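Accompanying notes for the structure given below.
Every read-out reported here was derived from the displayed coordinates using simple, explicitly stated rules and does not represent laboratory data. None of the values given here were measured: they were computed from a predicted structure. Every residue, glycine among them, receives a Cβ derived from its backbone with ideal geometry; neighbour counts consider all protein chains shown.
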Amino acid sequence: MEITKYNKLVRDRIPDIIMKSGKRVTIEILDDKDYKKYLDEKLKEELNEYYSTDNAEELADLVEIIYAILKYKNIDISEFEKIRIKKALERGGFDKRILLKEVIVD
């Protein structure tokens, strides 16, 4: 018998997909505190995967995690979008590709 330990947050259908392949799984349903902890870890994991691959699929995973965090915080996606737009209007986006090199104070 071979056992691989993961201890990481996975998408809802992953256990079923694994079981359909003939394998067994052990899962735990997380409480709020642990759920937030594992969401944060998953955010880091997906960001690192994006850095490694430069792949749009990893960006989709990042967005899915962000949506899960918003839901956890009871923030509606449309409300989040309003926050994003307000910030973009006040501070701009990243379209101009500006690299701030220095700020000089006399």
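Brief remarks on what is shown
- Of I65, I98, the sequence from fewest to most neighbouring Cβ atoms within 10 angstrom is I98, I65.
- Label assignment, Cα extents along the principal axes in Å derived from the structure, set (i) 46, 35, 21; (ii) 53, 34, 17; (iii) 69, 31, 26: (iii)
- Scattering profile of region 45-98 at q = 0.18, 0.19, 0.21, 0.22 Å⁻¹ [log10 I(q)/I(0), Debye over alpha-carbon scatterers]: -0.80, -0.86, -0.94, -0.97
- Based on Cα contacts under 8 Å between residues 6+ apart, the chain shows a relative contact order of 17 percent.
- Signed unit charges on C-beta, dipole axis of the chain, positive-most listed residue I17, Y50, V105: I17
- DSSP H segments from the chain that extend 15 Å or more along their own axis, Cα-based, with Kyte-Doolittle mean of 0.5 or above: 56-72
- Loop-resident sites, region 14-106, for GluC sites (Glu not before Pro), counting at most 14 other Cβ within 10 Å (DSSP): E28, E102
- For region 7-36 versus region 64-96, the gap between their alpha-carbon centres in whole angstrom: 28
- Restricting region 28-100 to chymotrypsin sites (Phe, Trp or Tyr not before Pro) in coil, as DSSP defines it, with at most 16 other Cβ within 10 Å: F94
- A run of the chain free of exposed loop cleavage sites, with trypsin sites (Lys or Arg not before Pro) counted only in DSSP states other than H, G, I, E and B and at most 15 other beta carbons within 10 Å, reaches its longest extent at 25-72.
- Pairs from K8/K96; K33/K101; K5/K33; K44/K87; K71/K96; K23/K73 whose Cα-Cα separation, in the structure shown, is over 28 Å: K8/K96; K33/K101; K71/K96; K23/K73
- Reach of K36 by Cα under 18 Å, taken over aspartates and glutamates that are not fewer than 8 positions away in the same chain: D12, E28, E45, E46, D61, E64, D76
- Computed from the C-beta positions of V25 and E49 and an R0 of 22 Å, the FRET efficiency is 0.50 to the nearest 0.05.
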